[in-house]
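To keep things clear, I will list the structure first and then write my remarks on it.
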Amino acid sequence: MQRVESEVDLDQILITEDEILGCLARMGKQITADYDGKDLLLVGVLKGAVMVMADLARAIDRHVEMDWMAVSSYGSGTKSSGVVRILKDLDTDVAGRDVLIVEDVVDTGLTLSWLVANLRSRGPSSVRIASLLRKPDAMQMEIDVDYVGFDIPNSFVVGYGLDYGERYRNLRCIATLGEQAHE
Ligand code: PRP
């Protein structure tokens, strides 16, 4: 396993690197088929979606453009605040475009439901969502995630873009944190 300085904090590996890459390969194939003849714009949500974007985009066998948004959804620590602010907006005009939001995790759904409404107000042809992870038990907003990698339990997970205090994003797998590592 990849060594990370603070791996002593990790509890257990939930999803291995091979499982992640296999899943994104299948998702990319499906997206390639579904967007045949369309003008696809991938919108990654910083920072967590960086790894998903890199591997999903390369699994899509057609022209895509990529753009990024940064929004704040968490106040501090590990709880969703429900407050969403744009920290960095798109560089691209999405009017008439087929937009696919790329996320690492849909947790409460608050960020995504806000983001979908915000992007829809800009006049795109379509807005859909692809997320590597979804936590069904944490959902507070009904939200359709069009492409889901894995449904996972409502526990705090890190790795493959997901952080705790900005650490662990560079872990190749998805893992749970030990109790002592997050309160
Ligand atoms: C995470 C994740 C989503 C959001 C999901 O981002 O990338 O954007 O939380 O949570 P929700 O469904 O409860 O709204 P976070 O705010 O942790 O920022 P980061 O991607 O920079 O780590």
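The values are calculated or read from the model by the stated rules, or taken from the named source; none is laboratory data. What you see is a predicted model; the values in this text were computed from it and never measured. FYI the Cβ positions are ideal-geometry reconstructions off the backbone, even for glycines, and counts take in every protein chain you see.
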>> Given the condition at pLDDT below 95 and farther than 22 Å from residue 111 by Cα, answer yes or no: does some residue in the stretch 44-61 qualify?
In response: no
>> For the stretch 133-183, give me the residue count where each residue is within 14 Å of the ligand (Cβ to nearest atom), in contact with a Lys or Arg (Cβ under 9 Å, 6 or more places away or on another chain) and acidic (Asp, Glu).
In response: 4
>> Can you tell me how many residues within the stretch 116-130 are touching a residue at least 60 places away in the same chain (Cβ under 8 Å) and within 13 Å of the ligand (Cβ to nearest atom)?
In response: 1
> When you go through (1) within 10 Å of the ligand (Cβ to nearest atom); (2) at positive phi; (3) at pLDDT 95 or above one by one for residue 96, which number turns out not to apply?
Replying inline: (1)
> For the stretch 155-167, which residues satisfy the criterion of being of a type outside the set (Val, Ile, Thr) and in contact (Cβ under 8 Å) with a residue 24 or more places away in the chain?
Replying inline: 156, 160, 161, 162, 163, 164, 167
> Can you tell me how many residues in the stretch 167-183 are surrounded by fewer than 18 Cβ atoms within 10 Å (Cβ to Cβ) and modelled with pLDDT under 95?
Replying inline: 6
>> Among the numbered criteria (1) within 15 Å of the ligand (Cβ to nearest atom); (2) touching a Lys or Arg at 6+ places or on another chain (Cβ under 7 Å), which one does residue 113 miss?
In response: (2)
> For the stretch 143-160, does any single residue satisfy the condition of being among the aliphatic types (A, V, I, L, M), farther than 20 Å from residue 13 by Cα, surrounded by fewer than 23 Cβ atoms within 10 Å (Cβ to Cβ) and within 15 Å of the chain's Cα centre (by Cα)?
Replying inline: yes
